[in-house]
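What follows is a single structure, written as structure tokens, with notes after it.
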Amino acid sequence: MALTAESARNVAHVLSEAMPYIQRFQGKTVVIKYGGNAMVDEHLKQGFARDIVLMKLVGINPVVVHGGGPQIGDLLKKIGKQSTFVAGMRVTDAETMDVVEMVLGGLVNKEIVNLINRHGGRAVGLTGKDGDLIRARKMTLTRELPELKTPEIIDLGHVGEVASIDAGVVDMLMHGDFIPVIAPIGVGSDGMSYNINADLVAGKVAEVLQAEKLILLTNAAGLLDGNGNLISGVTARQVDDMIAAHHRRPRRACRAGGTVYR
């Protein structure tokens, strides 16, 4: 379909605006966390895939880490299982972990891979279990109770945190001109599978790969304070202070995308 004069002007404007960024980030690695809540709009999904392919075409190396919380919740509802959250983390027993692996490592991961490939990219789907990409350890939370002298330990089941990332698999794919798409499932030293928050995985992947940028995509407006107001700018120290403040006030939360810090 031929471009109209107005469309051609818009394309030229976008390219002229984008050129300095293309030059700056060419050859660099950019990690994109694709949030589960940003996957529900078909128009946004198509735009995401086109943008990832475009990044690769102009010489940027995108690495996608995706979530899938809403999709996991939907399947759990269909099988009659209630989701329980503690401090923003889904309590994950063995049956729930099976669903998490099915949804994240299968349904969601392969849908994203297929979407990128249909738009001209060369995506490869991975979980953290492939090539021991993500080594995990079990996450435990503690809660102070006045009636107890020692903190109560909260067992979240198969919820983990990142112990280490082996960048070898990702590097091999990037050097082969592929786009890695990573599901946030890790494996422990005991061989058990662990469900890990995708934000945490994306941050650790960006650190290990020495990525130039970490981009968090979600349908939330951004970082919100405890009253739901958008915070347009914040320093790392201010984030630490906000988290510490909300630990002291457990009924109020600081939200970043779909993640809740209490």
Unit charges on C-beta of K, R, D, E only; dipole of the range 37-77, Debye: 100 debye
Gap separating the Cα centres of the range 153-179 and the range 104-118, nearest whole Å: 17 Å
Residues whose placed amide H lies under 5 Å from that of Leu141, excluding near-sequence neighbours: Ile154, Leu156
Gaussian network model of the chain, Cα within-10 Å springs - most flexible of Arg237, Arg90, Arg50: Arg237
For Ala123, residues with placed amide H under 5 Å, excluding near neighbours: Asn117, Ile179
CD proxy at 222 nm, helix term only [per DSSP H run n ≥ 4: -39500 (n - 2.57); per residue of the chain; nearest 500]: -11500 deg cm²/dmol
Whole-Hz ³J(HN,Hα) from phi, Karplus 6.51 cos²θ - 1.76 cosθ + 1.60, for the range 120-130, glycine and proline x: x, x, 10, 9, 10, x, 9, 10, x, 7, 6
DSSP-defined beta bridges in the chain - what % are antiparallel, rounded to 5: 45 percent
Choice from Gln71, Gln210, Gln82 with maximal GNM fluctuation in the chain (Cα, 10 Å cutoff): Gln82
Between the range 214-235 and the range 7-44, the Cα center-to-center distance that results, in Å: 20 Å
Probe 1.4 Å, all protein chains present, accessible-area order of Asp51, Asp199, Asp171, largest first: Asp51, Asp171, Asp199
For the chain, size of Cβ-based charge dipole, Lys and Arg +1, Asp and Glu -1, in debye: 420 debye
Of (1) 27, 23, 16; (2) 31, 21, 16; (3) 34, 22, 18, the label for semi-axes √(5λ) of the Cα gyration tensor in Å derived from the coordinates: (3)
J(HN,Hα) series, the range 188-202, from Karplus relation 6.51 cos²θ - 1.76 cosθ + 1.60, nearest Hz, glycine and proline x: x, 5, 8, x, 7, 8, 10, 7, 10, 4, 5, 4, 5, 5, 4
Extension reserve of the Asp225-Asp241 stretch, reckoned as 0.36 nm per residue once the Cα distance is removed: 4.6 nm
Built amide H within the under 5 Å cut-off of Ile60, gap 5+: Gly27
Nearest 10 degrees, 0 to 90: helix 5-25 Cα axis against the chain principal axis: 60 degrees
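The values are calculated or read from the model by the stated rules, or taken from the named source; none is laboratory data. Since the structure is predicted, the reported quantities are computational estimates derived from the model, not experimental observations. Counting neighbours? That spans all protein chains shown, and the Cβs are built from the backbone with ideal geometry, glycine included. Please note that ligands, DNA and RNA were not included when accessible areas were found on the heavy atoms of the full protein model with its side chains. Shrake-Rupley method; radii C 1.70, N 1.55, O 1.52, S 1.80 Å.
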